[in-house]
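The values are calculated or read from the model by the stated rules, or taken from the named source; none is laboratory data. Note that the structure is predicted; figures quoted are calculated from it, not measured. Cβ placement follows ideal geometry from the backbone for every residue including glycine, while neighbour counts extend to all protein chains displayed. Side chains included, ligands, DNA and RNA excluded: accessible areas come from the protein's heavy atoms. Shrake-Rupley method; radii C 1.70, N 1.55, O 1.52, S 1.80 Å.
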Amino acid sequence: MIDHQPGLRFLAAADPAMAALIDHHGPPDVRRTRNAFRTLARAIIYQQLSGKAAGTIYARFVALYPGRRFPRPRDVTQTPLSTLRSVGLSAQKASYLHDLAGRFCDGTIRTRHFARLTDDDLATLLCQVKGIGPWSVDMFLIFGLARPDVLPVGDLGIRRGMMRFFSLPALPAPAEMRDLAAPWRPFRSLASWYMWRVAETDPPVDRNL
């Protein structure tokens, strides 16, 4: 389990409106992954699909490998692209999964090295994989590695949340998002989780608290 309390205390002290969000929603359910390959493969499968459709394809993909909770990279590299496509994956996504698995197999991606890599180093490494871009990397850093200071400036939910939280007239651009989020450093990942909550469920934020 990750102790979020230091970050929550910091954010609450930095902004009363953020403190109200924390009181309302409680601590986030963000944990480190035990299987980086699974987390990244899942991100590829879920891209540009509704949650329900992606979940169905993901379940069919896992079912290709009976007896395992999730296939090993070697298992995926040995699976023909036509078989991957048979579960509903596009030809492009099937090739992306092959590329990802191959990089785990050949040692290009070594999870034991992650701890000593910076967020930028990891982004450079992972963006070499076909089908993984800045958004996927940000999601992996937050929900896979529980890195504390990630601000996904390309995520529409974060943009909508910040627009409502700061009462902006339009969706903020990346530079504006970084400026507005500066007081949240070094816990912007936690703050981002609350921006998703604002975008999804909350009424406009009263910043006169």
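Here are a few things to note about the model shown:
- Scan of the range 26-44 for residues that are in contact (Cβ under 8 Å) with a residue 60 or more places away in the chain and either more than 18 Å from I142 (Cα to Cα) or part of a loop (DSSP other than H, G, I, E, B) (or both), ordered by number: P28, V30, R31, R32, T33
- Listed by first and then second residue, the pairs linking a residue in the range 100-122 that is among the charged types (D, E, K, R) to a residue that is in a loop (DSSP other than H, G, I, E, B) and surrounded by 15 or more Cβ atoms within 10 Å (Cβ to Cβ), with Cβ atoms under 7 Å apart and 6 or more places separating them unless they lie on different chains, are R103/I109; R103/V129; D119/R147; D119/V150.
- Test result for S90, more than 14 Å from F37 (Cα to Cα), in contact with a Lys or Arg (Cβ under 9 Å, 6 or more places away or on another chain) and among the hydroxyl-bearing types (S, T, Y): no
- Residues in the range 91-101 include none that are open to solvent by less than 40 Å² (accessible area, probe 1.4 Å) and in a loop (DSSP other than H, G, I, E, B).
- Within the range 126-138, considering residues that are touching a residue at least 24 places away in the same chain (Cβ under 8 Å) and either open to solvent by less than 30 Å² (accessible area, probe 1.4 Å) or at positive phi (or both), the one nearest to the chain's Cα centre (by Cα): S136
- Any chance D155 is modelled with pLDDT under 95, closer than 18 Å to P28 by Cβ, charged (D, E, K, R) and buried (at least 17 other Cβ atoms within 10 Å of the Cβ): yes
- Residue count for the range 43-75 under the criterion of being surrounded by 17 or more Cβ atoms within 10 Å (Cβ to Cβ) and of a type in the set (S, T, Y): the result is 2.
- Filter pass, P66 being out of contact with any Asp or Glu (no Cβ under 7 Å at 6 or more places or on another chain), farther than 25 Å from V198 by Cα and at pLDDT 95 or above: no
- Residue list for the range 18-42, restricted to those being under 18 Å from V87 (Cβ atoms) and open to solvent by 30 Å² or more (accessible area, probe 1.4 Å): R38, R42
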